[in-house]
Amino acid sequence: MIERNGPCWCGSGKKWKKCHYPNLPLSELSTQAKRYLKDFGIILKSAEQIEKIRAACQITAQILDELCKQAKAGVTTLELDQLSRKLHKEAGVIPATLGYGKPPYPMTICTSLNEVICHGIPDETPLKKGDILNIDASCILDGYFGDCSRMVAIGDVSLDKHLVMSVSLECLQRAIQVCKPGSPISAIGQAIEDYATSQGCSVVNQFVGHGVGLAFHEPPEIPHHYNQVQIPMAPGMIFTIEPMINAGVREGLIDPHDHWTVRTKDGKPSAQWEHTILITDEGREVLT
Ligand code: MF3
Ligand code: CO
């Protein structure tokens with residue numbers, strides 16, 4: 001949800017709405033932008049905002065590419081986080097996850113291994129052959145956000161790990177294909193769950209994609225499972241699609257000690273890929 005009352009990303013300690021919350025002079029918004037804001041709380045982005053968010057997304061994707069290259073057997077996920085801190089600093093961007101939420105998320109990326117669905121916290125565990133790893137990066141550039149994640153296989157992996165990796169990527173690609181002005185948000189979950197179940201996999205429904213750009217999480221929610229969200233996509237909408245696909249049951253359990261790590265209830269593998277998507281006049285643009 002939109003975190004207008006949460007602390008500003010800039011670290012001022014002020015509420016976001018009292019600090020860097022974007023000025024949205026209603027008089028300058030199109031009829032459609034006014035309606036989306038009023039009816040759904042969705043901010044249709046202006047051309048200037050899109051340019052800044054595109055830049056944030058490109059940096060996020062570059063950082064993620066570099067991190068994925070360094071994910072090899074013997075490397076710990078904490079070392080990946082240390083590299084991530086360095087890459088963020090060099091690029092002049094703030095990691096959006098650091099200090100986010102309750103309890104404050106302690107790291108600059110999420111690293112979700114094998115049966116971890118999402119929000120895995122980097123630690124001293126070295127990667128080993130046969131692991132599958134999701135790295136999730138999100139950056140703030142001058143107040144504009146980008147968010148994406150990808151999978152890496154460490155050496156040869158088991159059939160069920162290979163399956164969830166390829167099915168989750170195909171789910172993301174199919175979901176992107178249905179994005180265009182006028183398509184209901186529900187078309188995304190339809191494309192994803194149709195394909196995942198046809199391959200014998202399940203779709204996580206406890207976590208969703210989200211509007212992004214002026215905040216880390218904005219309306220609308222983007223379910224990856226079958227749903228009834230009839231909001232039509234419109235040019236200027238920016239949101240993530242980030243399907244989490246399991247080899248076994250869809251249910252996940254949050255770690256009772258760290259309150260973040262989400263593991264499959266049955267311990268079977270899970271995989272996720274994520275892009276930030278812009279709806280354009282013609283269709284969609286993948287920003288990450
Ligand atoms: N890409 C995930 C998201 O969109 C990353 C969550 S980061 C965490 O929400 F800080 F919440 F862990
Ligand atoms: Co996201």
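The values are calculated or read from the model by the stated rules, or taken from the named source; none is laboratory data. No experiment lies behind these values; they were computed from the predicted model shown. For neighbour counting, all protein chains shown are included, and Cβ atoms are generated from backbone atoms with ideal geometry for every residue, glycine included.
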Residue in the stretch 184-201 that is surrounded by fewer than 16 Cβ atoms within 10 Å (Cβ to Cβ), more than 20 Å from C57 (Cβ to Cβ), of a type in the set (V, I, T) and free of Cβ contacts under 8 Å to residues at least 12 places away in the same chain present = yes
Taking the stated definitions as given, is P181 more than 23 Å from P106 (Cβ to Cβ), surrounded by fewer than 19 Cβ atoms within 10 Å (Cβ to Cβ) and in contact (Cβ under 8 Å) with a residue 40 or more places away in the chain?
-> yes
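Among the residues in the stretch 154-170, are any farther than 19 Å from E115 by Cβ, under 19 Å from the mean Cα position of the chain (by Cα) and within 16 Å of ligand 1 (Cβ to nearest atom)?
Taking the stretch 154-170 as the starting set, the residues that turn out to be farther than 19 Å from E115 by Cβ are 170.
Okay, now just the ones that are also under 19 Å from the mean Cα position of the chain (by Cα), so 170.
Going one step further and asking which of them are within 16 Å of ligand 1 (Cβ to nearest atom), we end up with none.
Checked against the condition, which is being farther than 19 Å from E115 by Cβ, under 19 Å from the mean Cα position of the chain (by Cα) and within 16 Å of ligand 1 (Cβ to nearest atom), the stretch 154-170 yields no hits at all.
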Contacts under 8 angstrom Cβ, first residue in the stretch 224-236 being farther than 20 Å from S202 by Cβ, partner in a loop (DSSP other than H, G, I, E, B) and of a type in the set (K, R), 6 or more apart = M233/K180; G236/K45
Expected single match for modelled with pLDDT of 95 or more and within 16 Å of ligand 2 (Cβ to nearest atom) among I117, I132, I154 is I117
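For a quick check of your reading: which strands (runs of 3 or more DSSP E) sit entirely within the stretch 187-268 and have at least 3 residues that are among the β-branched types (V, I, T) and more than 16 Å from ligand 1 (Cβ to nearest atom)?
Values: elements: 209-211, 218-222, 238-241, 244-246, 252-254, 262-264.
Qualifying strands (runs of 3 or more DSSP E): none found.
Considering the stretch 79-101 alone, what residues qualify as being assigned to a loop (DSSP other than H, G, I, E, B) and either crowded, with 23+ Cβ neighbours inside 10 Å or under 18 Å from the mean Cα position of the chain (by Cα) (or both)? Working first, answer last.
The first filter runs over the stretch 79-101 and keeps only residues assigned to a loop (DSSP other than H, G, I, E, B), leaving 92-93, 96-101.
If the condition is that a residue be assigned to a loop (DSSP other than H, G, I, E, B) and either crowded, with 23+ Cβ neighbours inside 10 Å or under 18 Å from the mean Cα position of the chain (by Cα) (or both), then V93, A96, T97, L98, G99, Y100, G101 are the ones that fit.
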Output for the stretch 1-41, where each listed residue is among the hydroxyl-bearing types (S, T, Y) and either modelled with pLDDT of 90 or more or loosely packed, with under 12 Cβ neighbours inside 10 Å (or both) = S27, S30, T31, Y36
Taking interchain pairs and intrachain pairs at least six residues apart, which have beta carbon atoms under 8 angstrom, with the first residue in the stretch 78-96 and modelled with pLDDT under 95 and the second surrounded by 19 or more Cβ atoms within 10 Å (Cβ to Cβ) and part of a helix (DSSP H, G or I)?
-> none
Does the stretch 60-68 include one or more residues that are of a type in the set (G, A, S), touching a helix residue (DSSP H, G or I) at 6+ places or on another chain (Cβ under 7 Å), at pLDDT 95 or above and farther than 26 Å from S12 by Cβ?
-> no
Go through (1) part of a helix (DSSP H, G or I); (2) crowded, with 22+ Cβ neighbours inside 10 Å; (3) among the β-branched types (V, I, T) one by one and return the number of the condition I50 breaks.
-> (2)
Kindly list the number of the only condition in (1) under 16 Å from S149 (Cβ atoms); (2) in contact with a strand residue (DSSP E or B) (Cβ under 9 Å, 6 or more places away or on another chain) that fails for G130.
-> (1)
Which one is surrounded by the most Cβ atoms within 10 Å (Cβ to Cβ) among residues in the stretch 269-288 that are in contact with an Asp or Glu (Cβ under 8 Å, 6 or more places away or on another chain) and part of a loop (DSSP other than H, G, I, E, B)?
-> P269
